[in-house]
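In what follows, a structure is listed as structure tokens, so that the remarks can point back to it.
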Amino acid sequence: MSPYMTREDLSLALNLFCSIYGIGTLGIPGNFARAGPVYASIALLFMASANIYASVAMSKTMLAAPKWVQNYGDLGEWIGGKYFGRYTVVIPQLLACLLTACAFLVLGGVLLDTLFPNAFSSTVWILLMAMTAVPGSLIPTLKESPGMAMAGCLATLAADGIALAVLMVKMDTHSLSPPSPNVSFEQISTVFGNLSLAYGAGIIIPTLQRQHSQPERMQRVIAVTLSVITVLFAVIASTGYSVLGCQMPRNLLFAIAGHDLGFTSSRGSVVAAFLSMQVHITIAFTVVLHPAFFILERLLWNRRHPHDDAADFVEAGTPAPKTPEAPTDTPKEVATPDLTTAVSTARQASSLGVRLILISAVVGVAIAFQDHVMDLQDFVGASTMSLTCLILPLVFYFMKFWTTMPIYEKAYAALVLAVCTVLAFYVSINAGISLLTPPDTTPFPFCEAKYQTIVFTNTTHYGTAQ
């Protein structure tokens, strides 16, 4: 009898875990502050089940696909055709990479501005971060991306752990119960954006599955990995909410950086947590941009056909070297070494130009929205991430298996697709409005008016007021 999880299963599970666990975790405690523990727990369980189901559905679709289907774009082409199917996948995937990179730069600029006050503005920090990422972004491929993803994941775990430990130690509640949020539908619905970003896994599942010697076991890998991540999310959320209630900031790290909560963190703990997250951002920014580079370069050179190259992306979705093209009937006097070198040089130059233009565009968007890091993350999660990781996998699954699905599965799948689609539109619009016309807010906007400006542990203030 084979073990429940083989060594190969564990290896791919670790790869999947490291690819998912990132900046989305910083907003998990804020979800409970926005929606309250009951509604936020329901939302967490629903999104966990929806993402597990959608990811498993993608795995089943990949099992039925021919061998030339190696990545997400290939899957879209096989189901929807060379143009409609592939571009329906590739365009949202490209936008997801670029917008996520923007969120990395914005968050990194805020963290560095907090770590080094009065040194540079957030705009300058964003520019400096982009400049330091340029050399890594110009590397043709990232063959070591699994190791980089693991380093980034460990850095995120360290940042989350340090921030939660500081809160548990510093928040002396004097036996006071933290206040509950003033729950509204808008606050509950916006949880969808953060959870979509936190669970975003669909992009890399086809590539990981093609690497498994027993691809039928990938469904178990997905279910186990996302279940473990859900447990971690629940621990992070409940721990943060237990000490702050509705006064938990939308970003976990912001809770230990300021003075709104009535305590001052040790400088060492703030530096350790912020620099740990900065390590993740630096690594993830480079890794997440490479698929975008590769997609645009293929479109620019127009040399892509699924039967000609077996694997476009190595682990974590980074591009792999193209397989040698089949010999052609071109006369030797035409296909000269000088011509080949010239074509190669031209492609390298165009590749360099494409990458620099993309980085410049990402920097421009990041600077424009540098004061709205959490709204930007909600927008990315609700729009591109939910489309690529939830909606499209279910649509593809329906197109191939609807006639053979049992009625109870059809009912559940249709419910998940309908709810996720409606929330994706609603939260994307709201987050977009917040990005363009940010509303006036208070230090603790999720609480009732009484607790919106002063931390609840200030017994002098509340004792006098009452």
| request: Match the structure shown to one of the listed values (1) 37; (2) 44; (3) 56 of percent of Cα pairs over 31 Å apart, computed from it, and give that label. | output: (2)
| query | Roughly to the nearest percent, how much of the accessible area of region 1-68 is carbon and sulfur, given a 1.4 Å probe? | reply | 70 percent
| Helix 407-436 versus the longest principal axis of the chain: what angle, 0 to 90°, nearest 10, using Cα atoms? | 70 degrees
| Stretchable slack from Thr442 to Leu128, in nm (0.36 nm times residue separation minus alpha-carbon distance) | 110.0 nm
| query | Nearest 10 degrees, 0 to 90: what angle lies between the long axis of helix 392-401 and the longest principal axis of the chain (Cα atoms)? | reply | 50 degrees
| task | Quote to one decimal, in nm, the extra length available between Met405 and Ser121 on full extension: 0.36 nm per residue of separation minus the C-alpha distance between them. | result | 96.7 nm
| remark: Around Phe444 (Cβ within 15 Å, Cβ-to-Cβ, excluding Phe444; K/R +1, D/E -1) the net charge comes to 0
| Helix 86-115 vs. the chain, principal-axis angle (Cα, 0 to 90°, nearest 10) | 40 degrees
| note | For region 289-295, Karplus-derived ³J(HN,Hα) couplings (6.51, -1.76, 1.60; θ = phi - 60°; whole Hz; x for glycine and proline) come out as 7, 4, x, 5, 4, 5, 4
| Residue-level accessible surface for Lys410, protein heavy atoms, 1.4 Å, Å² | 40 Å²
| note | When every protein chain stays in place and a 1.4 Å probe is rolled, His259, His461, His212, His372 sorted by accessible area with the largest first are His259, His461, His372, His212
| query | Using a 1.4 angstrom probe with every protein chain in place, what is the largest-first accessible-area order of Lys450, Lys67? | reply | Lys67, Lys450
| query | By the scheme Lys and Arg +1, Asp and Glu -1, what is the net charge of all other residues having a beta-carbon under 10 Å from that of Asn430? | reply | -3
| task | Mind listing the long-range amide H neighbours of Cys447? Cut-off is under 5 Å, sequence gap 5 or more, other chains count too, H placed in the peptide plane at 1.01 Å from N. | result | Asn182
| note | Hydrodynamic calc, region 1-112: Kirkwood Rh from Cα pairs, then Stokes-Einstein at 37 °C with viscosity 0.692 mPa s, so D in µm² s⁻¹ is 190 µm²/s
| Accessible-area order (highest first, 1.4 angstrom probe) of the listed residues Arg220, Arg250, Arg355 | Arg220, Arg250, Arg355
| field | Cα centre as origin, Lys/Arg/Asp/Glu Cβ charges: the chain dipole, Debye | value | 480 debye
| message | When a/c reaches 1.5 or more, the comparison of a/b and b/c decides; with that in mind, is region 1-57 rounded, prolate or oblate per its Cα gyration tensor? | response | prolate
| request: Note the per residue figure in Å³ for the convex hull of the C-alpha positions in region 407-466. | output: 127 Å³
| Packing rank of 185-198, 261-274, where each peptide gets the mean count of other beta carbons within 10 Å, highest leading | 185-198, 261-274
| task | Set the Förster distance to 45 Å, then compute FRET efficiency between Ala449 and Ser360 from the Cβ-Cβ distance, nearest 0.05. | result | 0.55
| note | Within the under-15-Å Cβ sphere about Asn182, not counting Asn182, Lys/Arg +1 and Asp/Glu -1 give a net charge of 0
| field | Length-normalised contact order of the chain in % [C-alpha pairs under 8 Å, at least 6 apart] | value | 33 percent
| field | Surface accessible to a 1.4 Å probe, per residue, for the residues of the chain, Å² | value | 43 Å²
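The values are calculated or read from the model by the stated rules, or taken from the named source; none is laboratory data. If you're wondering where the values come from, they're calculated on a predicted model, not measured in any experiment. Reconstructed Cβ throughout: ideal geometry from the backbone, glycine too, with neighbour counts over all protein chains shown. Note: accessible area is taken over every heavy atom of the protein model, side chains too, but ligands, DNA and RNA are not part of it. Shrake-Rupley method; radii C 1.70, N 1.55, O 1.52, S 1.80 Å.
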